[in-house]
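> First, the structure itself, so that you have it in front of you.
Computed from the coordinates by the stated procedures, all read-outs in this text should not be read as laboratory data. Keep in mind that what you see is a predicted model, and the values were worked out from it rather than measured. A quick note on method: Cβ atoms are made from the backbone with ideal geometry, for glycine too, and the neighbour counts reach across all protein chains shown.
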Amino acid sequence: MLDLYKGDITQLKVDAIVNAANRTLLGGGGVDGAIHRAAGRGLYEECKTLGGCETGEAKTTGGYLLPAKYVIHTVGPVWRGGGYGEKELLTRCYLNSLKEGISRGVKSIAFPLISSGAYGYPLAEALEVAVIALAENTPADVSAILVLYDEKTYIAAQETLARLKRE
Ligand code: AR6
């Protein structure tokens, strides 16, 4: 099951939220910065023990001060024009994050639109990868929520979902 939500992922009372991190896993700007600020120092301390993360992979920590029980950190590809395996890597972010969540028994998992901010992935393409990966791979008893931070992105996501349902 895939739902869309407009707003701040750090506020969601779900079993797990996914973080669009970088390979150090030590924090940054965008959604990563927001998650670290909301979760507090404990998240940073646990992230320091993880040894970073490769692009396309995912690693799980506790949620600390967040309403979510877990944070699943994944590292999206930097957009370099589309000819450097970006689509495959971005798809693997969604699939590996789902896998991490499922292995911990989560029933609700919220995703940001990975790579679509600082990493420069074009919005329409980022949405298509996210919607297809989540709609096709989320088990029936798990609720996946794609979180869009602003109105424009939320409307574009609704259109992408509606179009892919028709096809
Ligand atoms: N809730 C939901 N979505 C958000 C939030 C929020 N609180 N804040 C931003 N977004 P980005 P990336 C949206 O740049 O492109 C970091 O510095 C945002 O509007 O956060 O994967 C990391 O450390 C955009 O649509 O992640 C890395 O260095 C989406 O989240 C790098 O940025 C992703 O934007 C990762 O870049």
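> If you check residue 90 against the conditions, is it away from the ligand (no atom under 14 Å from the Cβ) and out of contact with any Lys or Arg (no Cβ under 9 Å at 6 or more places or on another chain)?
No; evaluated as a whole, the condition is false for this residue.
> Checking residue 145 against (1) more than 11 Å from the ligand (Cβ to nearest atom); (2) assigned to a strand (DSSP E or B), which single condition isn't satisfied?
Looking at each condition in turn, residue 145 falls short on (1).
> Still on this structure: For region 56-68, check the following and say yes or no: at least one residue is within 11 Å of the ligand (Cβ to nearest atom) and within 21 Å of residue 6 (Cβ to Cβ).
Filtering region 56-68 for residues within 11 Å of the ligand (Cβ to nearest atom) gives none.
There is no residue in region 56-68 that is within 11 Å of the ligand (Cβ to nearest atom) and within 21 Å of residue 6 (Cβ to Cβ).
> Give 84, 121, 154 a once-over and let me know the one that is of a type outside the set (A, V, I, L, M, F, W, C), more than 12 Å from the ligand (Cβ to nearest atom) and either outside any helix (DSSP H, G or I) or surrounded by fewer than 20 Cβ atoms within 10 Å (Cβ to Cβ) (or both). Please lay out each step first, then the result.
On the way: 121 fails: more than 12 Å from the ligand (Cβ to nearest atom); 154 fails: more than 12 Å from the ligand (Cβ to nearest atom).
Only one candidate passes the filter, namely 84.
> Restricting the search to region 1-54, which residues are more than 18 Å from residue 93 (Cβ to Cβ), of a type outside the set (A, V, I, L, M), within 11 Å of the ligand (Cβ to nearest atom) and outside any loop (DSSP other than H, G, I, E, B)?
5, 6, 10, 11, 33, 36, 37 - these are the residues of region 1-54 that are more than 18 Å from residue 93 (Cβ to Cβ), of a type outside the set (A, V, I, L, M), within 11 Å of the ligand (Cβ to nearest atom) and outside any loop (DSSP other than H, G, I, E, B).
> May I pose another question? Checking residue 106 against (1) under 14 Å from residue 18 (Cβ atoms); (2) away from the ligand (no atom under 12 Å from the Cβ); (3) of a type in the set (A, V, I, L, M); (4) not in a loop (DSSP other than H, G, I, E, B), which test does it fail?
All conditions are met except number (4).
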